[in-house]
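Below is one structure, written out as structure tokens, with a few remarks after it.
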Amino acid sequence: VQENDQVGNVKPMKQFDDAVDDGTLESVVWLSPNGAVSEHPRSKVSDGQAWVTRVVNRIMRSELWESTAIFVSWDDYGGFYDHVVPPAVDANGYGIRVPGLGISPYAKRGFVDSQTLSHDAYLKFIEDVFLDGQRLDPKTMARPDSRPTVRENVRYLGDLIHDFDFTQEPLAPVILPRYPSRRR
């Protein structure tokens with residue numbers, strides 16, 4: 001964000017909280033925890049989980065819940081023992097597998113998505129929903145983009161729309177404790 005003059009788009013969490021409270025949250029928002037709650041070494045995984053739970057609970061308690069899709073993703077998780085070789089999709093390839101969660105009143109209950117997905121799937125979903133499937137092409141964008149291809153079009157990439165059922169009765173919010181008690 002520093003190299004392409006986007007730093008002004010980075011806002012403190014207080015602005016997210018305020019936007020949720022007053023119903024002015026942007027259509028697409030990316031949240032990233034600070035180092036203290038990032039789940040990377042030195043920070044506690046439990047604090048990172050509590051941060052995610054806080055964010056999800058805040059949306060679920062708001063009027064925004066009925067029209068929201070939340071995707072929780074990790075950039076890595078230390079699973080260097082993964083036995084599945086990532087597909088070669090371009091010069092960068094896909095990396096090791098990481099977990100992801102889809103949370104929405106229209107998420108399929110108990111559904112486990114076995115498609116090949118990457119962070120590009122989130123871009124594809126956003127482009128499909130808000131740009132009618134038009135792809136943001138790194139060759140024609142007004143800011144630098146180092147992607148070697150428009151990865152949303154890679155044939156291996158699954159489609160997150162399959163994680164939803166828009167005909168079902170919307171799921172009610174499930175408010176979780178930020179720090180659940182330990183079970184023995």
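Taking the conditions exactly as written (open to solvent by 70 Å² or more (accessible area, probe 1.4 Å) and either part of a loop (DSSP other than H, G, I, E, B) or over 23 Å from Val29 (Cβ atoms) (or both)), does Pro180 satisfy them or not?
Criteria met by Pro180.
Let me spell it out: the conditions are (1) open to solvent by 60 Å² or more (accessible area, probe 1.4 Å); (2) free of Cβ contacts under 8 Å to residues at least 60 places away in the same chain, and Ser73 meets all of them except one. Which number is the exception?
The single condition Ser73 does not satisfy is (1).
Confirm whether Ser38 is buried (at least 16 other Cβ atoms within 10 Å of the Cβ), among the small types (Gly, Ala, Ser), out of contact with any strand residue (DSSP E or B) (no Cβ under 7 Å at 6 or more places or on another chain) and modelled with pLDDT under 95.
Against the criterion (buried (at least 16 other Cβ atoms within 10 Å of the Cβ), among the small types (Gly, Ala, Ser), out of contact with any strand residue (DSSP E or B) (no Cβ under 7 Å at 6 or more places or on another chain) and modelled with pLDDT under 95), Ser38 qualifies.
Specify which of the listed residues (Trp65, Trp51, Trp30) is more than 17 Å from Pro99 (Cβ to Cβ), aromatic (Phe, Trp, Tyr) and crowded, with 16+ Cβ neighbours inside 10 Å.
So the residue among Trp65, Trp51, Trp30 that is more than 17 Å from Pro99 (Cβ to Cβ), aromatic (Phe, Trp, Tyr) and crowded, with 16+ Cβ neighbours inside 10 Å is Trp65.
Under the condition of being part of a loop (DSSP other than H, G, I, E, B) and in contact (Cβ under 8 Å) with a residue 60 or more places away in the chain, which residue from segment 109-154 is nearest to Ile70 (Cα to Cα)?
Per the criteria, the residue is Arg109.
Do you know which residues across segment 137-158 are surrounded by 13 or more Cβ atoms within 10 Å (Cβ to Cβ) and either farther than 25 Å from Pro87 by Cβ or in contact with a Leu (Cβ under 9 Å, 6 or more places away or on another chain) (or both)?
Asp145, Val150, Arg151, Glu152, Leu157, Gly158, listed by residue number.
The values are calculated or read from the model by the stated rules, or taken from the named source; none is laboratory data. Remember, it's a predicted structure, so these values are computed and weren't measured experimentally. Using ideal geometry, Cβ is built from the backbone for each residue, glycine included, and neighbour counts are taken over all protein chains shown. We work out accessible area using only protein heavy atoms, side chains counted, and drop any ligands, DNA or RNA first. Shrake-Rupley method; radii C 1.70, N 1.55, O 1.52, S 1.80 Å.
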